[in-house]
Structures are given as C-alpha cells and as structure tokens.
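Read-outs: derived from the displayed coordinates by stated rules, not from any lab. These numbers come from a predicted model, not from an experiment. Positions of Cβ are generated from backbone atoms using ideal geometry, with glycine treated the same way; all protein chains shown enter the neighbour counts.
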Amino acid sequence: MRPEERVELFRKGMEAWVSGDMERALSFYAAEVETRAPEWMNVGDFRGHEGFLEMNRIWDEAWEEWGYEIKDVRAVGARHIVARVMVGGRGRGSGIEVNQEAGWVIEVDDDGLASYLEITRTEERALEIAHGREVSN
C-alpha cells in the first residue's frame, strides 16, 4: 500500500471512530487487530474486533466527554503510520479536564487493514515503536 493510502486509511478510520460509527470504524481494522494503550489509557492488550470494542467501552465509561483533533499523520517505513493527535476530555465523576497530545502507531497489513494500533503519550514514542516494529517484522 502506498504511503498516502495508509495515511488516508487512518484519517477515514479515525473519522468513523470519533463519529461513534463503530461498525464503519471496524471495517478499517483486521479481524485479529491488536489494540493497546498501556502507557496512556488502558493497561493491557486487546485483541480482535471484540477487544477493540472493549477498550472503547472502558474509555467511554471513564470519560463524560472526549474529542480528538489530528495534528499530523505520516507514513513510516513500509507498513506503519504515526499520528500526532490532540486528545481532550472531561472525566466522568471527577470532572477533571485533560487536553494533551498523544502519539498513535498503526500497522497496515497486506489487505490494507489496520492490524496493530498503539496509543502512546508522545509522537516521539510512537515513532520509536513504529521504527522498532519495522525492523523486527
């Protein structure tokens, strides 16, 4: 898949996810997608579409409201995308407001679907992960 196609895949998938259209969002993810955000949102790994939905359920339970703004997206290596995303929200119950940048790493498989998603604290960390995965795969 060409780099610009990977970037477009991310943008369309993110648009579906943020809109709450989970059926459409899942159409951008491989059936066995690995989703993780251990240093940022949720501890642990989530696998498959059910895992992706579970991670989102946990996130939705923790936040009264939330939103995302894509600041930058770039292709990294032959299979990855790294995005810098502004994430904001207000905690459910606590009312604590958060507004910070996060780094997203997405690996795209041979079928043009996201097979790996990791959300990190920084774009720099996302780049490290993407480069490491490119070398190891």
Angle between the Cα long axis of helix 48-62 and the longest principal axis of the chain, 0 to 90 degrees, nearest 10? 30 degrees
Over all Cα pairs of the chain, how is the pair count split among 5 Å bins, expressed in % and running from 0 up to the last occupied bin? 2, 11, 20, 26, 23, 12, 5, 2, 0
With axes computed from alpha carbons, what is the tilt in degrees of helix 3-19 against the longest principal axis of the chain, rounded to the nearest 10 within 0 to 90? 20 degrees
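Just to confirm a number: summing +1 for Lys and Arg and -1 for Asp and Glu over residues other than E34 whose beta-carbon lies under 10 angstrom from that of E34, what do you get?
Numbers: positive: R36, R47; negative: E32, D45, E107, E118.
It works out to a net charge of -2.
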Would you calculate, for the chain, the mean residue ellipticity at 222 nm contributed by helices, counting each DSSP H stretch of 4 or more residues as -39,500 (n - 2.57) and dividing by all residues, to the nearest 500? -11500 deg cm²/dmol
Arranged from highest to lowest average of other beta-carbon atoms within 10 Å per residue, in what order do the peptides 20-33, 115-128 appear? 115-128, 20-33
Quick check: the angle from helix 123-136's long axis to the longest principal axis of the chain, C-alpha only, nearest 10 degrees? 40 degrees
The stretch 3-136, relative contact order in percent, only Cα pairs under 8 angstrom and at least six apart counted: 23 percent
